[in-house]
1. From (1) at pLDDT 95 or above; (2) of a type in the set (D, E); (3) touching a helix residue (DSSP H, G or I) at 6+ places or on another chain (Cβ under 9 Å), pick out the condition that doesn't hold for E33.
2. Just need a number here: residues in the stretch 1-31 that are under 27 Å from L88 (Cβ atoms) and in a loop (DSSP other than H, G, I, E, B).
3. For L39, are the conditions met, namely being modelled with pLDDT of 85 or more and surrounded by 10 or more Cβ atoms within 10 Å (Cβ to Cβ)?
4. Suppose we filter the stretch 73-88 for residues that are surrounded by 10 or more Cβ atoms within 10 Å (Cβ to Cβ) and farther than 17 Å from L50 by Cβ; how many remain?
5. Looking only at the stretch 32-45, how many residues end up being in a strand (DSSP E or B) and not small (G, A, S)?
6. How about the stretch 46-88: which of its residues are modelled with pLDDT of 85 or more and in a loop (DSSP other than H, G, I, E, B)?
Amino acid sequence: MNEINPYQAFAITKDGTRHPIEAETIIIQMDEEEIEISLLPPHPVFKGKLTLATGSAIQGREDERASGTQLVIEPGAANVIHITPKKL
């Protein structure tokens with residue numbers, strides 16, 4: 001069975017210098033909502049894909065029963081998307 005390794009992640013400073021981040025997950029907090037970015041594919045079938053989650057899909061928040069949060073995805077340029085967490 002193939003081992004699943006986390007994707008490489010970096011923090012980029014203003015001068016463009018890359019600093020490695022050793023993590024399996026990165027959480028970005030936007031106002032009162034969070035977007036979780038998994039650096040470790042949740043299953044081998046998702047290898048090579050970036051998995052984002054919000055609301056009760058975030059590990060540890062499975063019992064959350066609020067009306068929910070959706071990820072709104074808007075296209076930008078050919079290689080850009082804009083992602084906004086929106087509470088229902």
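The values are calculated or read from the model by the stated rules, or taken from the named source; none is laboratory data. From a predicted model like this one, the values you see are computed outputs, not experimental measurements. Don't worry about glycine lacking a Cβ; one is built from the backbone with ideal geometry, like all the others, and counts go over all protein chains shown.
1. The number of the failed condition is (1).
2. 1
3. Yes, satisfied.
4. Selection size over the stretch 73-88: 2.
5. Residues flagged as in a strand (DSSP E or B) and not small (G, A, S) within the stretch 32-45 amount to 5.
6. Within the stretch 46-88, K47, G48, K49, L50, G76, A77, A78, N79, V80 qualify.
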